[in-house]
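Student: Mind looking over this structure? Questions follow.
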């Protein structure tokens, strides 16, 4: 299956068992913001961004099998991390897929990078960039420019 860089990948109907365990815990979140922060913490402990590997592991971009993605640890492309985040948030029952927007920016002014803009309420959105956490990008911000 080819990657969907500019359209959303379909949320799978069935999740890996150990991912479903995480979703079941997320369903107990106090509210959307609590759930989003929990997902951010879970994913940022499991996956990291890496500028060099972004270019040396281009073939990882075409992986879209949820079992393969969820079983990985360490480096993962921003688009794949964001796909996992969407899956967790939507399956938590607190978010609809329409609450999660994929956004694009440039890092070092030439390297394309995806982050998410997540709706917490009617007028409140938060930027989320798990890939960028290793570069000290904090929750609520995203990598851009020379971060």
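Student: Given the criteria surrounded by 15 or more Cβ atoms within 10 Å (Cβ to Cβ), part of a helix (DSSP H, G or I), touching a residue at least 24 places away in the same chain (Cβ under 8 Å) and under 15 Å from the mean Cα position of the chain (by Cα), does residue 88 qualify? Outline the logic, then answer.
Tutor: On the way: surrounded by 15 or more Cβ atoms within 10 Å (Cβ to Cβ): yes; part of a helix (DSSP H, G or I): yes; touching a residue at least 24 places away in the same chain (Cβ under 8 Å): yes; under 15 Å from the mean Cα position of the chain (by Cα): yes.
Taking the combined requirement at face value, the residue satisfies it.
Student: Okay, moving on. Would you mind telling me which numbered condition in (1) assigned to a strand (DSSP E or B); (2) in contact (Cβ under 8 Å) with a residue 12 or more places away in the chain residue 23 fails?
Tutor: Of the numbered conditions (1) assigned to a strand (DSSP E or B); (2) in contact (Cβ under 8 Å) with a residue 12 or more places away in the chain, the odd one out for residue 23 is (1).
Student: Something else now. State whether the residues of the stretch 25-38 include one that is more than 15 Å from residue 90 (Cβ to Cβ) and in contact with a helix residue (DSSP H, G or I) (Cβ under 6 Å, 6 or more places away or on another chain).
Tutor: Among the residues of the stretch 25-38, not one is more than 15 Å from residue 90 (Cβ to Cβ) and in contact with a helix residue (DSSP H, G or I) (Cβ under 6 Å, 6 or more places away or on another chain), which makes the answer no.
Student: Still on this structure: Among the residues of the stretch 102-116, is there at least one that is modelled with pLDDT of 95 or more and part of a helix (DSSP H, G or I)?
Tutor: no
Student: What's the number of the condition residue 53 fails, among (1) in contact with a strand residue (DSSP E or B) (Cβ under 6 Å, 6 or more places away or on another chain); (2) under 21 Å from residue 39 (Cβ atoms)?
Tutor: (2)
Student: Is it the case that the stretch 102-111 has a residue that's closer than 27 Å to residue 17 by Cβ, surrounded by fewer than 21 Cβ atoms within 10 Å (Cβ to Cβ) and in contact with a strand residue (DSSP E or B) (Cβ under 6 Å, 6 or more places away or on another chain)? Steps first, please.
Tutor: Of the residues in the stretch 102-111, the ones closer than 27 Å to residue 17 by Cβ are none.
So far as the stretch 102-111 goes, no, none of its residues is closer than 27 Å to residue 17 by Cβ, surrounded by fewer than 21 Cβ atoms within 10 Å (Cβ to Cβ) and in contact with a strand residue (DSSP E or B) (Cβ under 6 Å, 6 or more places away or on another chain).
Student: Hey, does the stretch 75-84 have a residue that's more than 12 Å from the chain's Cα centre (by Cα), closer than 14 Å to residue 22 by Cβ and modelled with pLDDT of 95 or more?
Tutor: Pass one, the stretch 75-84, residues more than 12 Å from the chain's Cα centre (by Cα): 75.
Now narrow it down to the ones that are closer than 14 Å to residue 22 by Cβ: none.
Looking for residues that are more than 12 Å from the chain's Cα centre (by Cα), closer than 14 Å to residue 22 by Cβ and modelled with pLDDT of 95 or more, one finds none in the stretch 75-84, hence no.
Student: Same structure, new question: Could you check the stretch 41-55 and list, in sequence order, the residues that are within 16 Å of residue 70 (Cβ to Cβ) and surrounded by 15 or more Cβ atoms within 10 Å (Cβ to Cβ)?
Tutor: Residues satisfying the conditions are 42, 43, 44, 46, 47, 48.
Student: Out of all the residues in the stretch 120-140, which are surrounded by 14 or more Cβ atoms within 10 Å (Cβ to Cβ), part of a loop (DSSP other than H, G, I, E, B) and out of contact with any strand residue (DSSP E or B) (no Cβ under 6 Å at 6 or more places or on another chain)?
Tutor: Listed by number, the residues that qualify are 130, 137, 139.
Student: Looking only at the stretch 1-21, filter to residues that are out of contact with any helix residue (DSSP H, G or I) (no Cβ under 6 Å at 6 or more places or on another chain) and within 18 Å of residue 96 (Cα to Cα); which one of those is modelled with the lowest pLDDT?
Tutor: Selected residue: 7.
The values are calculated or read from the model by the stated rules, or taken from the named source; none is laboratory data. Bear in mind that the values here come from a model prediction, so they are computed numbers and not experimental data. Cβ atoms come from the backbone with ideal geometry, glycine included; neighbour counts cover every protein chain shown.
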